[in-house]
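Below: the structure, in C-alpha cells.
The values are calculated or read from the model by the stated rules, or taken from the named source; none is laboratory data. These numbers were taken from a predicted model, which means no experiment stands behind them. In this analysis, Cβ positions are derived from the backbone assuming ideal geometry, glycine residues included, and neighbour counts consider all displayed protein chains. The accessibility values were calculated without ligands, DNA or RNA, using every heavy atom of the protein model including side chains. Shrake-Rupley method; radii C 1.70, N 1.55, O 1.52, S 1.80 Å.
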Amino acid sequence: QVLTNAKGCYSLSLAEYAIGAILYFEKQMPRLQQQRKERSWDRFMMGQLPGKTLGIIGYGDIGQKCAQLAKPFGLSVIGLRKSPEKSKNDLYITKCLPASEINALVSECDFVVLSCALTKDTVGLIGQEQLALMKPSCVIINISRGACINEDALIHSLVEGKIKGAALDVTST
C-alpha cells in the first residue's frame, strides 16, 4: 500500500487567508463597509502593520508560507514549533520558540495564526489561559483545526472585549 499526503498543496491559499484576515482587522474593513453603506465618510486613523508582531503556532509548511507573505508588510514574525532548531537559518522569522513557550508567544503578539496539526497535544491548545495573556488588540486566526481552540473560551474573550477579533477558517462543529 502507498500512503501519501498533500503537503504544500494548500499552503499558499491558507497563508493568503491569514494575511487577508490581518488586513481585514488592521484596516478596519467592517467600519469601511458600514460607512459605504451609510454613505458617511467619517475620518479615522487606520493601523499600519510595520512594527507589529505575528506569532505563528505550528511553524511547518503553512506557517512558513504565512511568514514569507508577512515579511513584506513589515511584520516581525515569531514561530513556534516542536523543534525550533529546524528554523535556525529561516530568513522570514525573528525567532522560533519551542512549543513549551506558547504563553510567551501569545502575550507578545498582535496577531496569532494557528497552523498546527491536530494531535492530542494540540486539542484546546488555545484556551482561557492563553486568551487572557493576549493583548486586547490581538487577533487570532485559525487555519489549522477547530479543536485547537477552546471555542467557549474564545467566544467569552470576544464578547468581553478581551481580544480584538478572530478569523476562523475552521471550527469544531
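Which residue pairs have Cβ atoms under 6 Å apart, sit 6 or more places apart or on different chains, and have a first residue in the range 20-47 that is touching a residue at least 12 places away in the same chain (Cβ under 8 Å) and a second that is open to solvent by less than 80 Å² (accessible area, probe 1.4 Å) and assigned to a helix (DSSP H, G or I)?
Pairs that qualify, where the first residue is touching a residue at least 12 places away in the same chain (Cβ under 8 Å) and the partner is open to solvent by less than 80 Å² (accessible area, probe 1.4 Å) and assigned to a helix (DSSP H, G or I), are G47/E26.
Inside the range 26-50, can you point out the residues that are open to solvent by 40 Å² or more (accessible area, probe 1.4 Å) and of a type outside the set (D, E, K, R)?
Once the filter is applied, which keeps residues that are open to solvent by 40 Å² or more (accessible area, probe 1.4 Å) and of a type outside the set (D, E, K, R), the range 26-50 yields Q28, M29, P30, L32, Q33, Q34, W41, F44, M45, M46, Q48, P50.
Failed condition for K82, given (1) of a type outside the set (A, V, I, L, M); (2) closer than 19 Å to I126 by Cα; (3) open to solvent by less than 80 Å² (accessible area, probe 1.4 Å), with all others met?
(3)
Could you say which residue among S87, S76 is touching a residue at least 24 places away in the same chain (Cβ under 8 Å), farther than 25 Å from A132 by Cα and of a type outside the set (K, R)?
S87
Can you tell me which residues in the range 114-145 are in a helix (DSSP H, G or I), surrounded by 15 or more Cβ atoms within 10 Å (Cβ to Cβ) and not aliphatic (A, V, I, L, M)?
Those that are in a helix (DSSP H, G or I), surrounded by 15 or more Cβ atoms within 10 Å (Cβ to Cβ) and not aliphatic (A, V, I, L, M): Q128, Q130.
For the range 72-92, which residues satisfy the criterion of being assigned to a helix (DSSP H, G or I) and in contact with a strand residue (DSSP E or B) (Cβ under 7 Å, 6 or more places away or on another chain)?
Hits for the range 72-92 are P84, S87.
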